[in-house]
1. By DSSP, what percent of the beta bridges with both residues in segment 399-494 are antiparallel, rounded to the nearest 5?
2. Could you please put Ile379, Ile268, Ile477 in sequence from largest to smallest accessible area, using a 1.4 Å probe?
3. Less than 19 Å apart at the alpha-carbon level, and either on another chain or at least 8 residues along: which lysines does that give for Lys28?
4. In segment 96-117, which residues have a backbone nitrogen under 16 Å from the label point lying 7 Å from Thr180's Cα in the Cα-to-Cβ direction?
5. Work out how much length Ile400 to Gln111 would gain on full extension: take 0.36 nm times their residue separation and subtract the Cα-Cα distance, in nm to one decimal.
6. Would you mind getting me the FRET efficiency between Ile11 and Lys289? Use the beta-carbon distance for r and R0 = 45 Å, nearest 0.05.
7. Not counting ligands, DNA or RNA, and with a 1.4 Å probe, what is Glu282's accessible surface area in Å² rounded to the nearest 10?
8. Under a 1.4 Å probe, what is the accessible area of segment 1-134 per residue, stated in Å²?
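The values are calculated or read from the model by the stated rules, or taken from the named source; none is laboratory data. On a predicted model such as this, the values are computed, not experimentally measured, just so you know. Every residue, glycine as well, gets a Cβ built from its backbone with ideal geometry; the counts of neighbours run over all protein chains shown. Accessible surface areas use protein heavy atoms only, side chains included; no ligands, DNA or RNA. Shrake-Rupley method; radii C 1.70, N 1.55, O 1.52, S 1.80 Å.
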Amino acid sequence: MRTHMIKKEPIVGRKYEKEKLEKAYNSKRAELIAVFGRRRVGKTFLIRSFFSRKSGTFFQVTGIHKGTANVQLKEFTKEIKNVFFPRSAKLDPPKSWMEAFELLTETIKQQDSKKKIVLFFDELPWMAIRSSKLLQAFEYYWNRFWVSMPNIKLVVCGSATSWIINNIIKNKGGLHNRVTLRLPIEPFTLAETKLFLDHEGVKYDNYQTLQLYMCIGGIPYYLTMLDKGFSAIQNINRMCFQKRGNLSDEFNLLFSSLFNNAELYEIIIKIIASKREGVSREEIEHGVKYKGGRLTQRLSELEQIGFITSFTQWGREKKGIYYKIIDEYILFYLTWIAPGAKARITKEVTSKYWEEVSQTQAWKSWAGYAFEAVCFKHINLIRKALHIPDGAEAYMWKHIPKTGAEIQLGAQIDLVFDRSDGIINICEIKYSKTPYIIDKDGARILLNKVQIYRDVTKINKLIFISLITTFGLKNTINSEKIITSTATLDDLFKHD
């Protein structure tokens, strides 16, 4: 493909995304592809690397953060010259986006109509400042010209996910229902993370990869920062806790790059992170001191970006929606990096700081929470490992007894699979550095949970107890009696 100085690098993972892009590229119609996802997740790399390998022409223009309309237009014109007229004299920049898109359209008409042309508008939200009228011009030229050009594949992309969704995907004007492919780019799975690390020369086993993943997630950009001669613990210590650590202040950069009023979103995130099991909408309203449409929009934006997830706890539908953090780095930052940030300004941490922390009870509690979150991101693989039939409903369950209630004992179950074949799998998720041992007390606690669940829900189904843990289950008299199936860390590394 004709491009302007693009280094071609292999694409690791992203099987689903590549299949969708391949189908769009080979279609016999014009395509409008909306790509979105959190900062550093690899959106630009995927689009550029995928299409630069194809025949035809690849045109990429990238919005400039806080750039004026004139600056954006000059950059746009420069890229037209570099890609389509590399040997020509300098083009005069247009005065508006209507003129800019007219220049692009006339340029496209001069090309061979049988050859594909990929137009990649990266960081479009940065280009579309309020006074620029870019969106109006974009709508006009898509509807008037580009949609009728079957060789055109137009990709719009941006880290400001809410802008892409509200202004492109859910556009109520000229772009209403015009998007032909919505492509959210999510963090790598555990399997993809291990593949990427191997490509980078970092030879970690599954456990080392998990230790890393629980702290920074499957964000490709973060993974490129690793020193291949260091263990996961050493790399986390260097990147997150030392003065010049690349991820020690990523939290603030992450929010300021996505939101104009970043502090308002940070407050919401911190409230949600305050409880392991998640917080209710009412609790968030109490913390931020406002409610209604503004809060709904901000929560929606945080969920669209992939920082939080909303859910309804079983049996609590009348109490509304709950929210919890699902972004590993954000949870890790708020739990470990932020609390000691001020102290580290004047005092450098030792090279063994994170290793020492990992021996504490506080770390063990956090690791259990973090591993549970990782499991929920890989729930399809857990279904396969436990032989759960398709269609089984999955949910978390918690019972807090009210004063005077018939059942006074409380219980929390990490994961429930309610199956249509008359069986319920109650799953216990346990993070352990060795094969997990169920002793007499542990067996009693599990059986009590099952009984409370049955008494509260009044469900008359056969109940299986399943265990999801890192290194499997050590066979004991207790485990043989009550555990019917297990899923291990290796199961989470399989390709879905």
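1. Bridges in segment 399-494 are about 30 percent antiparallel.
2. Descending order: Ile477, Ile379, Ile268.
3. In chain and number order, the partners are Lys18, Lys20, Lys54, Lys109, Lys114, Lys115, Lys116, Lys153.
4. Counting backbone N atoms under 16 Å from the label point, the list is 113-117.
5. 97.3 nm
6. E(calc), rounded to 0.05, equals 0.50.
7. 100
8. 52
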